[in-house]
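Worksheet: one structure, shown below.
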Amino acid sequence: YELFGPDIGLLSFFFFNIIRLKPGQAIYTAAGVPHAYINGNIIECMANSDNVVRAGLTNKFKDVKTLLEIIKYDFKHYEIINSEQKTDEVTYKTGAEEFEVSSYRKPAGSKRKIKTEDKPFVCLVTGGTVEIKWELNGDKFMQKFSKGESFFVPAALAEYEIFAADTAEYFLVTIP
C-alpha cells in the first residue's frame, strides 16, 4: 500500500493457481496465462513476444483493457517439470517452439563438449566459475564467466567446451 496505494490487482491472486515448486523444478505457462511468483529466485525464459501486459501491482504502465482481451481463463493442472528434482543435468521440455532450457550442476574439473548444430546458445552462470573454450581458424580461445554473468555462443561456432573451474551451476538456452 505504501508503494502503490489501493490496487484492485490484488484481487487477481484469488484466481491464480498456487503451485509450490522445489529447487530445480519448473512449470510452463503459455501466452495469455497470468503468472507471478511470490518468493524465491527463478529463471524465466520467455518466448518471442511484442508485449508484456500489466494490470496491477506495479508503477509501470498498466493496460487492463488489453489484458482482458488476451487473458486465458483456463483452470487446469500444471505439470511440474523435473518433479524428481534432479540437479546434475536437466532439460526442461515445454510447449515453446522458440527455446529449450537446460540446467547443469557440475563438479570442479568436469568438461562438456557441445556441438551447436547451427543453433545459437545463451548461457547464464548461477554458481561458481566456468570457462568456455573454442577453436576458430586454428586459433584456440578461452574466456571465464562467474556467477551472475552470461554469454552468447553464435550458431556459426560449430563446437565449444564448457569447463567447470570449480563447482559450477549454469543454464543453457537454445532452439530445440
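The values are calculated or read from the model by the stated rules, or taken from the named source; none is laboratory data. Everything numeric in this text was worked out from a predicted model, so none of it was measured. Counting neighbours? That spans all protein chains shown, and the Cβs are built from the backbone with ideal geometry, glycine included. Protein only, heavy atoms only, side chains kept; ligands, DNA and RNA dropped before computing areas. Shrake-Rupley method; radii C 1.70, N 1.55, O 1.52, S 1.80 Å.
Miscellaneous remarks
- Here the 3J(HN,Hα) profile of the range 127-138, calculated from phi with Karplus coefficients 6.51, -1.76 and 1.60 at θ = phi - 60°, is x, x, 9, 10, 10, 9, 10, 8, 10, 9, 6, x Hz, Gly and Pro shown as x.
- In the chain, helical runs assigned H by DSSP with n ≥ 4 each contribute -39500 (n - 2.57); averaged across all residues and rounded to the nearest 500, the mean residue ellipticity at 222 nm is -1000 deg cm²/dmol.
- From phi via Karplus (6.51, -1.76, 1.60), per-residue ³J(HN,Hα) for the range 79-87 in Hz, x at Gly/Pro: 6, 8, 7, 6, 4, 7, 6, 4, 10
- The GluC sites (Glu not before Pro) of the range 1-73 that meet both conditions, a loop assignment by DSSP and at most 10 other Cβ atoms within 10 Å of the site Cβ, are Glu2, Glu44.
- Entry note: the range 1-71 has Rg to Rh equal to 0.95, where both radii use alpha-carbon atoms and Rh is the Kirkwood radius.
- With a cut-off of 14 Å on the backbone N, the residues of the range 3-32 near the modelled label site 7 Å out from Glu79 along Cα-Cβ are 26-30.
- Across the chain, the relative contact order, built from alpha-carbon pairs under 8 Å that are at least six residues apart, equals 22 percent.
- Averaging the sequence gap over all C-alpha pairs within less than 8 Å and six or more residues apart, then dividing by the number of residues, gives the range 126-176 a relative contact order of 50 percent.
- Of all accessible heavy-atom area on the range 1-76, the percent that carbon and sulfur account for (1.4 Å): 58 percent
- Long-range Cα-Cα pairs in the range 43-176 (distance over 23 Å), rounded percent: 48 percent
- Inter-centroid distance (Cα atoms) of the range 63-90 relative to the range 100-176, Å: 28 Å
- Most mobile of Phe152, Phe75, Phe163 in a GNM of the chain (Cα contacts under 10 Å): Phe75
- Per residue accessible area of the chain, 1.4 Å probe, in Å²: 72 Å²
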